[in-house]
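Worksheet: one structure, shown below.
What follows draws every value from the coordinates through simple rules; no lab data is involved. Not measured: the values here are computed from a predicted model. When we count neighbours, we look across all protein chains shown, and the Cβ atoms used for this are built from the backbone with ideal geometry, even at glycine.
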Amino acid sequence: MTEYGQDLAGQVALITGAGQGIGRTFANGFARAGAKVAIVELNEAKANAVAAEIVSEFGDGAAIAIVADVADPDAVEAAVAQTLSAFGRIDICINNAAIFSTLKMRSFEEIPYEEWRDVMRVNVDGVMLVTKACAPVMRRNRHGRIINISSGVVTLGRPYYLHYVASKAAVVGMTRAMARELGTDGITVNALLPGATFTEIERETVTPEQKTQILNMQCIKRHETADDLLAAALYLASKGGEFVTGQSIAVDGGTTFR
Ligand SMILES: NC(=O)c1ccc[n+]([C@@H]2O[C@H](COP(=O)([O-])OP(=O)(O)OC[C@H]3O[C@@H](n4cnc5c(N)ncnc54)[C@H](O)[C@@H]3O)[C@@H](O)[C@H]2O)c1
């Protein structure tokens, strides 16, 4: 049981990009709620470190680290197979991995096409591939919760990383269409749209002046943390979230209204 009241004992959550930042908070938070966690992450050392963090607190078998690129169809299939062989089921899939904190801000005319393609491959194809691999398992159980991490930049139209904005807008569209395709099998699909969220990872893209500007735009005058997103994700994964699907939920202290 977590501080937010959810009990996910007996459930399994596959969380992508959980080696650091928001994904790491999701992994720890879902483990606290009683779920077994599969950390699907490109960075092996970070994946292992988060799994070790969870195992040291919740015991052997509470989490596994799986090294995979979410944009590689074979690696994704293998990651789902590995999760099933370890835990036997997948109830919750959080599509959190993205090319994000490493991006440079620059006008769209200056974004190298190669970088544009990489962002689309990971942020868009990755969400489709991981969801496609998890869907048959969830359909069989007639139960599933897909939580896609989009971004408030879609609503704001934030300039200087057009590939990222385009990729996160695609996530909103996919969330709606997937919700319609999967609803008949008891699977919900929702997107969270975080505002500027501060994690242990420093980002050059946010200057001190921008940090002040961000607070000025929020109704609630404190910086967003990954725990704010965790609370929303736990709600969507819980029994109470079963009738909410296809939604794009802004968790940003009231920066944007959809
Ligand atoms: N932090 C924010 O302000 C903010 C705001 C809005 C949306 N988001 C979104 O929230 C999510 C998490 O953000 P964050 O701040 O923790 O980002 P982050 O950049 O710190 O972490 C991303 C994680 O994804 C992993 N990853 C990247 N490419 C991968 C791939 N191909 N396969 C598997 N793993 C891969 C990275 O190794 C890293 O561990 C992202 O989807 C991001 O776009 C973040």
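Here are some notes:
- Residues within the reach of a label modelled at Thr199 (point 7 angstrom out along Cα to beta-carbon, backbone nitrogen below 19 Å), restricted to segment 97-128, are 97-105, 119-128.
- Scalar couplings 3J(HN,Hα) for segment 24-41, obtained by applying the Karplus form with A = 6.51, B = -1.76, C = 1.60 to θ = phi - 60°, are 5, 5, 4, 4, 5, x, 5, 5, 4, 7, x, 7, 7, 10, 9, 8, 9, 8 Hz; x denotes Gly and Pro.
- Whole-Hz couplings from phi, Karplus 6.51/-1.76/1.60, listed for segment 67-78; x for Gly and Pro: 8, 7, 8, 5, 8, 9, x, 5, 5, 5, 4, 5
- Cα-Cα pairs of segment 69-174 separated by more than 22 Å (percent): 35 percent
- Cut-off under 5 Å, modelled amide H: who pairs with Ile249 long-range: Ala191, Leu192, Leu193
- Neighbour cut-off at most 10 other Cβ (10 Å), DSSP loop, GluC sites (Glu not before Pro), segment 193-258: Glu200, Glu202, Glu204
- Seen against the Cα atoms of the chain and their longest principal axis, helix 208-217 is set at about 80 degrees.
- Positive contributions from Lys and Arg (+1) and negative ones from Asp and Glu (-1), summed over other residues with Cβ under 11 Å from the Cβ of Ala135, come out at +1.
- Note on segment 5-140: Kirkwood radius taken over Cα pairs, Stokes-Einstein applied at 10 °C and 1.306 mPa s, translational D equal to 105 µm² s⁻¹.
- Under the criterion of Cα pairs below 8 Å and six or more residues apart, the relative contact order for the chain equals 18 percent.
- Rounded to the nearest Hz, the phi-derived 3J(HN,Hα) couplings of segment 124-140 under the Karplus curve 6.51 cos²θ - 1.76 cosθ + 1.60 (θ = phi - 60°) are 9, 4, x, 5, 5, 5, 5, 5, 4, 6, 7, 4, x, 5, 5, 4, 4, where x marks glycine and proline.
- The lysine pair count for the chain, using Cα distances under 25 Å and pairs eight or more places apart or on different chains, is 11.
- Cα pair distances exceeding 32 angstrom across the chain, given as percent: 16 percent
- Whole-angstrom gap from segment 38-94 to segment 181-208, using each part's C-alpha centre: 19 Å
- Computed helical MRE - 222 nm, the chain, DSSP H runs ≥ 4 contributing -39500 (n - 2.57), nearest 500: -14000 deg cm²/dmol
- A cut-off of 5 Å between modelled amide H atoms, ignoring neighbours fewer than 5 places along the same chain, links Ala38 with Ala13, Leu14, Ile15, Ile64.
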